[in-house]
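For reference, the structure discussed in these notes is given below.
The values are calculated or read from the model by the stated rules, or taken from the named source; none is laboratory data. Computed from a prediction, not measured in an experiment: that's the story for all the values here. All Cβ positions, even for glycine, are placed from backbone atoms using ideal geometry, and neighbour counts span all protein chains on display.
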Amino acid sequence: MKIIPRLIPDNSVSALQQAGIHPLLAQLYAARGVCSPDELDDAPARLLAPSGLLGIDTAVQLLADAIAQQKRLCIVADYDCDGATACAVGVRGLRLLGATHVAYLVPDRVVDGYGLTAPISRRVKETGADMLITVDNGIASVEGVAVAKELGLSVVVTDHHLPGSHLPLADAIVNPNQPGCSFESKSMAGVGVMFYVLLALRTELRARGRFDRYSQPRLETLLPLVALGTVADVVKLDANNRRLVALGLKQIRKGQMQPGIRALFDAAGRRFDVATTFDFGFALGPRINAAGRLADMTIGIECLTTEDAGRADNLARMLDSINRERREIEVGMREHALLMAEGLCADGMTPPPAISVFDPDFHEGVVGIVASRIKDKLHRPTFVFAASGAPGHEHELKGSGRSIPGFHLRDALDLVSKRHPGLLLRFGGHAMAAGCTIEEARFDEFERALAQVAQERLDAATLTRRLETDGPLSPQWLDTELVGQLQLAVWGQGFAAPTFSEELEVMSQRLVGEKHLKLELLHHGAKVDGIWFNHTDPLPSRMMLAYRLDINEWRGERKVQFLVEAASPNE
């Protein structure tokens, strides 16, 4: 582990402070590339205009015509939190804008696999739909779209994933990552893309005289869903995504949210009046994702679309129960997979350049989470495979991968597919997360092929775990009110939550709960409580520690405590 303080541009810090931003926040924002206070303005008017999205004009013309003709619309969603929130935004938004028939269909992870497949298109047609709308999928569904068109369906694809070599022949495609699209934010989640389609559709319907600026539906009520899906999908929080998330959080903190989101806060034991991005990423998001991993994402979507508070509560408790089951499965599978991965280490210490593991007992629904855990521990691109449970595909393996900075996982799979024709039956994804399907008999070939690509593209610097921090914390900022402000700010992927680092004296240490190290630290002459979760090895008396700030409440007293993230010898 190498702890590296971020560079802090003095000019940016000065500009932000002169605009009235707190000195510590100015330092943190400047270190994350914010140059002017305008970038922190989260007013709705500051959102990028939908008109910048290629294909959006065609899409909204088709949708506006379909609404006018009372056609039957069917949304095909993905089975993760982004897909579920995008589906909920689509269903709610289209109904707000006057669509009278809006249904949805979400594939089953095991039976159907990912995306708009030919069988899914046929099922949509059987529902009596006239138009098929994809959310968070579809850009790679060349065959699925072709079948839908053959069946007489209009097809609008909304997606954010990277396209393959050929685009589907849909009636309209809205995706900031499609060739020729100049939209400034390439990092929108699927839910953000669908929200933007609705914004443009409202403008088109207003131009057609369906309503005016004063009577138009309030699509901003959908922002809590947009914020949740954006954070849960771990997309980069660029300026536009941060605005979407900030606007959603503001509504939630005021109590203005869908009954399902309120119910999920209750089920997770979290307070919505002080909602944070951490709640989205580690409390609400996993509960919705659990439905797609172990059960049926319909449960998650129903929770987010119902207006019945009692039904929302029941569904949220069901999601909470499924998530507990997911955690139990994950723990055993993670331990086994980690032992397998560590067994691949040369001399028992050095991992191979890329890790691939498979066991017949692995559960397909949690391979992605387990891959992420192994990647975090061993700092290597990691794929975890499970046997496909889909009928007719019993000899196939489905793998989910997670990567490290500097190694584009989807591009690596693309190179593997070119070097080993037929090895990858299907693949797709992003730089940091990807998935693929292979024949079980060719697992060893895949393992060698991915390791070879990693060997060529990863150097010693990339293979060294690096933790960027905000350097030492001035003692004047050890204030619970300020820490509370930090927690309420928008942090996430590409805009990391504040982490500080400096040499600290360890005054005392003891284990609590058998797996957490409770610490008393000396910080610039003042004693500060600290805790290192899931760490049991004792620390020396002085150590370079990286830590986040938290507020510990005990018997009515609020105190700042350090959440230790990493340690290294003081250099």
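I'd like to know if the stretch 333-345 contains one or more residues that are of a type in the set (A, V, I, L, M), touching a residue at least 12 places away in the same chain (Cβ under 8 Å), in a helix (DSSP H, G or I) and surrounded by fewer than 21 Cβ atoms within 10 Å (Cβ to Cβ). Among the residues of the stretch 333-345, at least one is of a type in the set (A, V, I, L, M), touching a residue at least 12 places away in the same chain (Cβ under 8 Å), in a helix (DSSP H, G or I) and surrounded by fewer than 21 Cβ atoms within 10 Å (Cβ to Cβ), which makes the answer yes. Just to be sure before I move on: is Ser154 among the polar types (S, T, N, Q), at pLDDT 95 or above and either crowded, with 23+ Cβ neighbours inside 10 Å or outside the structural domain of Gln178 (by TED's automatic domain parsing) (or both) in the structure I sent? Here the answer is no, as Ser154 does not meet what is asked.
Just a yes or no: is a residue in the stretch 358-365 small (Gly, Ala, Ser) and farther than 24 Å from Ala263 by Cβ? Walk me through it before giving the result.
Going through the stretch 358-365, the residues small (Gly, Ala, Ser) turn out to be 365.
Add one more test, that the residue is farther than 24 Å from Ala263 by Cβ, and what stays is none.
Within the stretch 358-365, none of the residues are small (Gly, Ala, Ser) and farther than 24 Å from Ala263 by Cβ.
Against the test of being among the aliphatic types (A, V, I, L, M), farther than 25 Å from Ile133 by Cβ and out of contact with any Leu (no Cβ under 7 Å at 6 or more places or on another chain), the options Ala268, Ala239 yield a single qualifying residue, Ala239. If we scan the stretch 1-24, do we find a residue that is within 27 Å of the chain's Cα centre (by Cα), free of Cβ contacts under 8 Å to residues at least 24 places away in the same chain, over 30 Å from Asp130 (Cα atoms) and part of a helix (DSSP H, G or I)? Among the residues of the stretch 1-24, not one is within 27 Å of the chain's Cα centre (by Cα), free of Cβ contacts under 8 Å to residues at least 24 places away in the same chain, over 30 Å from Asp130 (Cα atoms) and part of a helix (DSSP H, G or I), which makes the answer no.
For the stretch 125-149, taking the residues that are within 19 Å of Ala99 (Cβ to Cβ) and among the hydroxyl-bearing types (Ser, Thr, Tyr), the one that is surrounded by the fewest Cβ atoms within 10 Å (Cβ to Cβ) is identified as Thr127. All of Leu413, Leu397, Leu424 fail the test of being surrounded by 20 or more Cβ atoms within 10 Å (Cβ to Cβ) and either hydroxyl-bearing (Ser, Thr, Tyr) or in a helix (DSSP H, G or I) (or both), apart from Leu413. Kindly indicate the residue of the stretch 285-325 that is of a type in the set (Lys, Arg) and either on the phi > 0 side of the Ramachandran plot or at pLDDT 95 or above (or both) and also surrounded by the fewest Cβ atoms within 10 Å (Cβ to Cβ) among those meeting that condition. By that ranking, first place goes to Arg324. Annotation for the stretch 24-44: at least one member residue is surrounded by fewer than 12 Cβ atoms within 10 Å (Cβ to Cβ) and at pLDDT 95 or above.
When you go through Glu503, Glu481 one by one, which is the residue that is assigned by TED's automatic domain parsing to the domain that holds Val564 and either of a type in the set (Phe, Trp, Tyr) or assigned to a strand (DSSP E or B) (or both)? The match here is Glu503. I'm trying to understand the selection: among the residues of the stretch 350-383, which are of a type in the set (D, E, K, R), crowded, with 19+ Cβ neighbours inside 10 Å and assigned to a helix (DSSP H, G or I)? Result: Glu364, Arg373, Lys375.
Please identify the pairs in which a residue from the stretch 50-77 that is assigned to a strand (DSSP E or B) has its Cβ atom under 9 Å from the Cβ atom of a residue that is of a type in the set (Asp, Glu), counting only partners at least 6 apart or on another chain. That search, which allows pairs on different chains as well, returns Arg72/Asp130; Leu73/Asp130; Cys74/Asp130.
Of the residues Ala454, Ala496, Ala461, Ala441, which single one is among the hydrophobic types (A, V, I, L, M, F, W, C), surrounded by fewer than 16 Cβ atoms within 10 Å (Cβ to Cβ) and at pLDDT 95 or above? Give the derivation first.
Details: Ala454 fails: surrounded by fewer than 16 Cβ atoms within 10 Å (Cβ to Cβ); Ala496 fails: surrounded by fewer than 16 Cβ atoms within 10 Å (Cβ to Cβ); Ala461 fails: at pLDDT 95 or above.
Answer to the check: Ala441.
When Cys35 is tested against the conditions (1) within 23 Å of Leu304 (Cβ to Cβ); (2) in a loop (DSSP other than H, G, I, E, B); (3) without any contact (Cβ under 8 Å) to a residue 40 or more places away in the chain, the lone failure is (1).
The residue pairs whose first member lies in the stretch 117-143 and is within 23 Å of Gly93 (Cβ to Cβ), whose second member is modelled with pLDDT under 95 and aromatic (Phe, Trp, Tyr), and whose beta carbons are closer than 7 Å, counting only pairs six or more residues apart or on different chains, are Asn137/Tyr114. When Leu244, Leu264, Leu223 are screened for being more than 22 Å from Gln485 (Cβ to Cβ) and assigned to a helix (DSSP H, G or I), only Leu264 passes.
Results for (1) assigned by TED's automatic domain parsing to the domain that holds Val124; (2) of a type in the set (S, T, N, Q); (3) farther than 19 Å from Arg123 by Cβ, shown as yes or no for each residue.
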site	(1), (2), (3)
Ala31	no, no, yes
Leu54	yes, no, yes
Asp57	yes, no, yes
Gln61	yes, yes, yes
Ala64	yes, no, yes
Ala68	yes, no, yes
Ile75	yes, no, no
Tyr79	yes, no, no
Leu94	yes, no, yes
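Across the stretch 512-559, the number of residues qualifying as closer than 26 Å to Leu482 by Cα, more than 32 Å from the chain's Cα centre (by Cα) and outside any strand (DSSP E or B) comes to 4.
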